[in-house]
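Inspection log for the structure reproduced underneath, given as structure tokens.
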Amino acid sequence: MEDLEKMEKNRKVLEVVAALIFDDSGRVLATQCAPHKHGGGWEFPGGKIEPGESQQEAVVREIREELALEVAVGPLLHTVNWHYPSFHLRMHCYACTLLGGELTLREHADARWLAADALDTVPWLPADVDVLPALAAYMRRV
């Protein structure tokens, strides 16, 4: 037991943000990783927080870089804590409103706008599956 606790304390923690981007119809954007990255699974777009950058600033930057979209960052909907073999992922997921831009897949293989009843139609990465209950509850409220 002590060895496991020590291993957990020494595990690298990766802090990232994810954008739950909503269009005018209330659908959320899902993106598919390139086949060589995470086996082509589906995720919510986002990425690492740079030094000196707030979580909200990271969301705006990552979405601009990855998808050429502009978003307004809203409330924090969920924080995922997910253990991978070599690191611990802490992913802060923010509701975002699409402001503009032309969706351009710079790092992803595909993208889909999903309604609340279609969230289970793509094979999500394990950490992103953890977001779905909070996302579905949010989508029912708005």
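The values are calculated or read from the model by the stated rules, or taken from the named source; none is laboratory data. Bear in mind that the values here come from a model prediction, so they are computed numbers and not experimental data. Neighbour counts run over all protein chains shown; Cβ positions are idealised from the backbone, glycine included. These accessible areas exclude ligands, DNA and RNA; they are computed on the full protein's heavy atoms, side chains included. Shrake-Rupley method; radii C 1.70, N 1.55, O 1.52, S 1.80 Å.
Below are the figures for this structure:
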quantity	calculated
Accessible-area ranking of Glu50, Glu102, Glu15, Glu66, largest first, probe 1.4 Å	Glu102, Glu50, Glu15, Glu66
Folded to 0 to 90 degrees: helix 55-67 orientation relative to the chain principal axis, Cα	60
Under DSSP loop assignment and at most 15 Cβ neighbours within 10 Å, longest trypsin sites (Lys or Arg not before Pro)-free interval of the chain	38-105
Dipole magnitude of region 29-114 about its Cα centre (Cβ charges: Lys, Arg +1; Asp, Glu -1), debye to nearest 20	240
Helix 132-141 axis, angle to the chain major axis (alpha carbon atoms, nearest 10°)	40
Among beta bridges that DSSP assigns inside the chain, antiparallel share in %, nearest 5	65
Nearest-10 value in Å² for the accessible area of Ile21, using the 1.4 Å probe	0
D (Stokes-Einstein, µm²/s), Kirkwood Cα radius, the chain, 1.002 mPa s at 20 °C	137
Longest to shortest principal axis, alpha-carbon extents of region 31-93, angstrom	31, 23, 23
